[in-house]
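What follows is calculated from the coordinates using simple rules that are stated; it is not laboratory data. Quantities reported herein were computed from a predicted structural model and do not represent experimental measurements. As a convention, Cβ positions derive from the backbone with ideal geometry for all residues, glycine included, and neighbour counts pool all protein chains shown.
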Amino acid sequence: MSQFHLIAPSGYCINQEAAQRGVQRLLESGHQVENQTIIPRRQQRFAGTQAQRLDDINGLVNLKGENNIVLAVRGGYGASRLLESIDWAGLAKRQQQDPLLICGHSDFTVIQLGLLALHNVMTFSGPMLAGNFGAPELDAFTQEHFWRALRNPTFSIEWQGNGPDWECEGLLWGGNLAMLVSLIGTPWLPDIDDGILVLEDINEHPFRVERMLLQLYHAGILARQSAIVLGSFSGSAPNEYDAGYSLETMVDFIRSRLDIPVITGLAFGHEQQTVTLPLGAQAFLKHDNSGSRLTISGHPVIKA
């Protein structure tokens, strides 16, 4: 079994019961769960002081042992405050010795993209302790796809996507849309050509999603990719004022601006059902009338 090491670089975990349920589930499955004392930490809206949350990240440099799965407790906000003080070089050196399997999403995306941008360190965009492992019912799809990504040097994800027939390969990257957009113009946004960009978000109205995608478009980032894959956009329902404008019509508008495909429908993001994606891995994407398929390889995995 594996050893989970918890980190909380972002928001205070308001659902303490869920976090404890997640810990208990992992323990009952035979895993070790280290650093549990960080779960109740709080300073204002954050999961502890600036120094405590920074130490969660920089302390990973000295984490010992094999098959360490570093798991974020939750997202929220706060990781952006840490970017200029993170020991990026130290983390990269630690990964060369014995890669940590670092997993999280949402606000954590900025740290994941920073590692990829500065030192080509791969991490996993996937479930977190409270929202996923601590859900009232642990989703079998999410659990299966988590271990599929962490245990297999090559694996595939299939779904019934929407978009034009297309085949391409490239570096897989992305994560939370708002966090990615927040890094434009900073050293922590990867400079990737011909990649497969996968995006998701939560509680953003379709026009806000469009505005962020247009920012990526106007910055020249979208057109440089081989394909765009959209995951879930939870809480993005239109209202009466929209008069027919919706997430779907927004996607059609973005597609009209691009010569590359926008494939939708991937179960990825702030839902109970989510795949786990190794950011920085190599991926091959195929979409046709039978569905969509991502085949991913080159990422660190649990050693047998």
Out of Ser292, Ser246, Ser232, a Gaussian network model of the chain with alpha-carbon springs under 10 Å gives the largest mean-square fluctuation to Ser246
The answer for the per residue Cα convex hull volume of region 133-218, in Å³, is 175
Arg41 neighbourhood, Cβ < 14 Å, K/R = +1, D/E = -1, net charge +2
Residues other than Leu183 with Cβ under 13 Å of its Cβ, Lys/Arg counted +1 and Asp/Glu -1, net out at -3
Extension length gain for Asp252 and Asn152 (0.36 nm per residue less Cα distance), in nm, is 32.5 nm
Residue span Lys303 to His119: 0.36 nm per residue of separation minus Cα-Cα distance leaves a gain in nm of 64.0 nm
Longest principal axis of the chain (C-alpha) makes with the long axis of helix 16-28 (C-alpha) an angle, in degrees to the nearest 10, of 70
For the chain, the Cα-Cα pair-distance distribution in 20 Å bins from 0, as whole percents, is 35, 59, 6
What helix-only [θ] at 222 nm does the chain give? Using -39500 (n - 2.57) per DSSP H run of at least 4, over all residues, to the nearest 500, the answer is -8500 deg cm²/dmol
Rounded to the nearest Å, the spacing of the alpha-carbon centers of region 30-71 and region 179-197 is 26
Neighbours of Leu171 by Cβ distance under 13 Å: Lys/Arg at +1, Asp/Glu at -1, summed charge -3
Whole-percent tail of the Cα-Cα distance distribution for region 220-304, cut at 23 Å, equals 36
Mean projected area (nm²) from the convex hull of Cα positions in region 21-163 is 10.1
Extension length gain for Ala140 and Arg293 (0.36 nm per residue less Cα distance), in nm, is 53.1 nm
For region 158-296, the Cα-Cα pair-distance distribution in 10 Å bins from 0, as whole percents, is 12, 45, 37, 6, 0
Here the relative contact order (percent) of region 64-114, from C-alpha pairs under 8 Å and at least 6 apart, is 60
So for R0 = 35 Å, FRET eff. of Leu63-Asp193 from the Cβ-Cβ r, to 0.05, ends up at 0.60
Quick note, region 40-81: a/c under 1.5 would make it rounded; otherwise a/b > b/c is prolate and the rest oblate (a ≥ b ≥ c, C-alpha gyration tensor); here it is prolate
Rh (Kirkwood, all Cα-Cα pairs) for region 103-150, Å, reads 11.6
Correct response: the longest run of the chain lacking exposed GluC sites (Glu not before Pro), defined by DSSP loop and at most 13 other Cβ within 10 Å, is 138-304
The answer for trypsin sites (Lys or Arg not before Pro) in region 1-71 that fall in a DSSP coil and have at most 12 neighbouring Cβ atoms within 10 Å is Arg45, Lys64
Sorted by chain and then number, the residues having a modelled amide H within less than 5 Å of the amide H of Asn68, at least 5 places away or on another chain, are Leu101
The alpha-carbon pair-distance distribution computed for region 200-241, with 10 angstrom bins and whole-percent values, is 27, 49, 22, 2
Taking Cα atoms, the helix 88-97 axis meets the longest principal axis of the chain at an angle in degrees (rounded to 10) of 80
Per the charge dipole of region 1-76 (beta-carbon charges, Lys/Arg positive, Asp/Glu negative, Cα centre), the residue among Asn35, Ile7, Gly75 reaching farthest to the positive end is Gly75
